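A short reminder: the numbers here are calculations on the coordinates, not readings from a lab. Everything quoted here is computed from the prediction, not taken from an experiment. Please note: Cβ atoms are built from the backbone with ideal geometry, for glycine as well, and neighbour counts cover all protein chains shown.
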Amino acid sequence: MSPDIQSVRIGEISITCLPDGAANIDGHPYREDTDSGEEVDWSWYHHKFPNDFHGDSHNWRIHNNCFLIQTNETNILVDTGVGVGPYPRYKNMHGTLMQSLGAAGVSVTEINYVVLTHAHPDHVAWNVDAEGSPYFPNAHYLLHQKDWDEFTGRTPVPPFFVRFVEPLKEIGLLRLISGNVEIAPGVTCFETPGHTPGSVSIRISSQGEYLYVTGDVIVSPFYVFEPSRAFHSDLNSREGISTRIQLIEEVVEHTGLIASAHIGSSGIGSVLPSGGDYEFRPLFR
Ligand SMILES: [Zn+2]
Ligand SMILES: [Zn+2]
C-alpha cells in the first residue's frame, strides 16, 4: 500500500481514505462576512493543523477525500471527487481518486455502492467518463432525492450536474434515497441537511465502535472547535449549524471517529469534549 493510503478498522469494517488531491486555495474555511462572531485566530489553527492551512495569511489548504468502506461482502465508495479535472475552484486540480483506489488494491468493478454525500462538483465528478459511461459499472449510485430535486430544479440545471449526475439516471444506476438507508450491516446513511437539502452522512458501527463519514458537515478542524460558525458554502447555514452540532454530539456520545471530505492527514480523527467545547485530534499525522 502506498504511504498516502491510510486505513482504520471499526470492529469488522475497514475504512480507507482515498485522496483525490489537495489545493492551496484563497481565503479561509469560512468567510468572515457571513458571521458576526469574534475574529478567528487562524494562526492558532495553522500551527495546530499544519496540513490544513497555508501561507502567511493562514489560508485554506483544502483536501479532497473520498472514502472506501469495506465490510466482509461489500465495497462502498463515498463520493467521487473532482474527476479528471482541471477543477478551477481548487486551483485547476486533477483528481487522483483512481490512483488512490488502485493503491488500496480495489478495482472499479469491485465497487458495489457509490454513496454521494451531496451533489456538489467536488464530490461527483468521477461518476461517469466523458462519454457518460460509469467509472463504477457494477455499483448502485445513491443520492438523496432532495439533492436531485434541488439541482434539477435550477434554471439552468448546473452543467456539472448535467455532465456527472444526470447520465447515471439515464443508464439506470442512480438510486434516489430518503430517510435512513442501511447499505450493509453496520453501514447506515442518514440525513444531515443544511450544506445542501439532501446532504447525508454515513454512520459505521461494529462491535461497539463508531465512525462517521461527514461529507461537508465538517470540512475543517475549525468546525469541530467552533461548530456554530456559519460555513459559507452551506445553502442553509442555520440548518447547517444545527446539523453539525447534532452530529458532533452523536460522535462524542459514541466516542467515535469522523472522516471528513476536506480535512488533511486522511481526514480521520476523533472528536473529544474539552471543557464545554470540542476538539479534533487527527488519527494520522
Ligand atoms: Zn459541498
Ligand atoms: Zn465539498
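Details
- Phi angles of the range 274-285 translate, via the Karplus equation with coefficients 6.51, -1.76, 1.60 and θ = phi - 60°, into HN-Hα couplings of 8, x, x, 10, 9, 10, 10, 10, x, 7, 10, 10 Hz per residue; Gly and Pro are given as x.
- Rel. contact order, % - alpha carbon contacts under 8 angstrom, at least six apart, the range 63-110: 24 percent
- Each 5 Å bin from 0 upward holds the following percent of the Cα-Cα pairs of the range 45-119: 3, 13, 20, 19, 16, 14, 9, 4, 1, 0.
- Potential lengthening between Glu182 and Val162 on full extension [0.36 nm per residue; Cα-Cα distance subtracted]: 4.4 nm
- Given their separation in residues at 0.36 nm each and the Cα-Cα distance between them, Leu272 and Asp129 gain 47.4 nm when the chain is fully extended.
- Computed over neighbours whose Cβ is under 12 Å from that of Thr214, the net charge equals -1, Lys and Arg +1, Asp and Glu -1.
- When you filter the trypsin sites (Lys or Arg not before Pro) in the range 24-112 for DSSP loop state and at most 13 other Cβ atoms inside 10 Å of their Cβ, you are left with Arg31.
- Cα-based equivalent ellipsoid, the chain: semi-axes from gyration tensor eigenvalues, Å: 27, 22, 19
- Relative contact order (percent, whole number), the chain, Cα cutoff 8 Å, 6+ residue spacing: 17 percent
- Summing +1 for each Lys or Arg and -1 for each Asp or Glu among the other residues whose beta-carbon sits under 14 angstrom from that of Glu253 gives -2.
- Ordering 213-223, 118-128 by mean Cβ neighbour count within 10 Å, with the highest value first, yields 213-223, 118-128.
- Cα shape, the range 157-260, gyration tensor, a/c 1.5 rule: oblate
- Karplus-derived HN-Hα couplings along the range 150-160 (A = 6.51, B = -1.76, C = 1.60, θ = phi - 60°), whole Hz, x at Gly and Pro: 4, 7, 6, x, 7, 10, x, 4, x, x, 5
- Remark: relative contact order (the range 24-172) = 18 percent; criterion is Cα-Cα distance under 8 angstrom and separation of 6 or more residues.
- Ser233-Ile171 FRET efficiency (beta carbon distance; Förster radius 30 Å; 0.05 resolution): 0.55
- Chymotrypsin sites (Phe, Trp or Tyr not before Pro) lying in DSSP loop within the range 226-285, provided at most 14 other Cβ fall within 10 Å: Phe284
- Proximal charge balance of Thr80 [Cβ under 12 Å; K/R count +1, D/E count -1]: -4
- Magnitude of the charge dipole, the chain, Cβ model with Lys/Arg +1 and Asp/Glu -1, debye to 20: 440 debye
- Förster radius 41 Å - calculated FRET efficiency between Gln145 and Glu279 (Cβ-Cβ, nearest 0.05): 0.70
- Per-residue ellipticity at 222 nm computed for the chain from its helices equals -5000 deg cm²/dmol, with DSSP H segments shorter than 4 residues left out and the rest contributing -39,500 (n - 2.57).
- Overall form of the range 10-138 per C-alpha gyration tensor (a/c, 1.5; a/b vs b/c): prolate
- Other-chain or far-sequence residues with amide H under 5 Å of His262's (modelled H): Asn65
- Full-stretch length increase - Lys48, Ile245 - with 0.36 nm per residue and alpha-carbon distance subtracted: 68.7 nm
- R0 of 25 Å, Cβ-Cβ distance Ser57-Val84: FRET efficiency to nearest 0.05: 0.25
- Sites excluded, GluC sites (Glu not before Pro) in DSSP loops with at most 11 other C-beta within 10 Å, longest stretch of the chain: 132-285
- For the range 101-189, the square roots a ≥ b ≥ c of the C-alpha gyration tensor eigenvalues yield an a/c of 1.5 or more together with a/b not exceeding b/c, which makes the shape oblate.
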